[in-house]
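Below is one structure, written out as structure tokens; the observations come after it.
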Amino acid sequence: MRTIKIKWKMILLLVPVVFLVIQIAGSFFFYELAIKRGEKEYLQKNADLEVSAETMELYVKGQWKDWVANQKFEPMNLVSRDGMQLSGYYLGASMPTNKLVILTHGYLGNAKQMGLFGQYYHDELGFNIFMPDARGHGKSDGDYYGFGWPDRLDLIDWTDILVKKLGPDTEVVYHGLSMGAATVLMASGEEELPRQVKAIVADSPYGSVYQLFAYQMDRMFHLPAFPLLDSTSLLTKIRAGYLFKEASALKQVEKTNVPILFIHGKADTFIPMEITENMYQQTSSDTELYLVDGANHGESFAMQKAEYKNKVQHFLSNYLNLVAGK
């Protein structure tokens, strides 16, 4: 009888130990999977990121790529608040203007991929353009991905540098895609956001990093968010300096005063459009919502290019003095 009691005590002691070990191991696994800088092969076969053949053709062989290759971008550098060397590319407008767009790319992307939109802003709207590499991406330092939260402060610092370069009357637009969209929304609610930021375009954003990962953990691994995602968040706080729940675009737009155009594909299964619809409803500033039929994640511009451009130009004309046709 005594032997049985001892065994039960051992089992009761082992259960929490085994649970703790699993949590720690799982946290390191998911940190390596999503947060640590490096190739993410699991995304290459993710059905939620599949796009049409026409969209892939534009992404891979579009004329915009030749346009980017032929521009004489001015490389710019920034030392972040935590000492990282960050990289970006500036291209002045063909004619003098006080208009500037800062284009922020998505997860695993790089600055010059935003030339897909940069060509439109530069050639058709006559803007100066700037495209930064987010920390952990492109030529920027960083051994982790910030998913927009530390990047929001980098974006503000880039804006300050560019306003000093171009003058205090500069009118700034933020235009972000996916993670870049979350980045510009996360910056929107900061008290130190420069007054020169006049409008934001957020294409396919997520509401928070915790929400994004919880959704993907369910779809990809059929796992509940708690407690594994919470322990991964703690590890990320130790290694990268942020918690998943604090990295919230939703909380930031609830206190912003910058006008926002939300864009989302109705067929997006990677980040459902309902997330953007909810942020649109909760945003405290002037806002518009543009939903694109049949578009998967980040596919709206490729599928409805003319309408997309018209929506952006009409929205921006409410807050900036745009020249017709430029």
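Out of the residues in the stretch 81-116 that are open to solvent by less than 10 Å² (accessible area, probe 1.4 Å) and part of a helix (DSSP H, G or I), state the one that is nearest to Gln71 (Cα to Cα). Looking at the filtered set, the residue picked out is Gly115. When residues in the stretch 273-308 are screened for being more than 15 Å from Ala199 (Cα to Cα) and in a helix (DSSP H, G or I), 17 of them pass.
The residues of the stretch 122-132 that are in contact with a helix residue (DSSP H, G or I) (Cβ under 9 Å, 6 or more places away or on another chain) and either of a type outside the set (S, T, N, Q) or open to solvent by 20 Å² or more (accessible area, probe 1.4 Å) (or both), listed by number, are His122, Asp123, Glu124, Leu125, Phe127, Ile129, Phe130, Met131, Pro132.
The set of residues from the stretch 241-267 being over 20 Å from Asn278 (Cβ atoms) and touching a Lys or Arg at 6+ places or on another chain (Cβ under 9 Å) comprises just one member, Leu243. Could you please let me know if Ile200 is open to solvent by less than 10 Å² (accessible area, probe 1.4 Å), over 23 Å from Tyr42 (Cα atoms) and in contact (Cβ under 8 Å) with a residue 24 or more places away in the chain? It is true that Ile200 is open to solvent by less than 10 Å² (accessible area, probe 1.4 Å), over 23 Å from Tyr42 (Cα atoms) and in contact (Cβ under 8 Å) with a residue 24 or more places away in the chain.
Screening the candidates Arg37, Arg135 for the property of being crowded, with 20+ Cβ neighbours inside 10 Å and touching a strand residue (DSSP E or B) at 6+ places or on another chain (Cβ under 9 Å) yields one hit, Arg135. Apart from one condition, Ala187 fits all of (1) in a helix (DSSP H, G or I); (2) over 14 Å from the mean Cα position of the chain (by Cα); the exception is (2).
Of all residues in the stretch 159-196, those satisfying the criterion of being buried (at least 24 other Cβ atoms within 10 Å of the Cβ) and closer than 11 Å to Leu100 by Cα are Val172, Val173, Tyr174, His175. Can you confirm whether Gln304 is closer than 17 Å to His175 by Cβ, touching a residue at least 60 places away in the same chain (Cβ under 8 Å) and surrounded by fewer than 20 Cβ atoms within 10 Å (Cβ to Cβ)? No.
Quick one: what pairs do we get from the stretch 53-75, first residue touching a residue at least 12 places away in the same chain (Cβ under 8 Å) and under 15 Å from Lys112 (Cβ atoms), second crowded, with 16+ Cβ neighbours inside 10 Å and among the basic types (Lys, Arg), C-beta under 7 Å, 6+ apart or different chains? If the second residue must be crowded, with 16+ Cβ neighbours inside 10 Å and among the basic types (Lys, Arg), the pairs left are Val68/Lys112.
The values are calculated or read from the model by the stated rules, or taken from the named source; none is laboratory data. Computed from a prediction, not measured in an experiment: that's the story for all the values here. All Cβ positions, glycine included, derive from the backbone under ideal geometry; neighbour counts span all protein chains shown. Note: areas computed on protein heavy atoms with side chains; ligands, DNA, RNA excluded. Shrake-Rupley method; radii C 1.70, N 1.55, O 1.52, S 1.80 Å.
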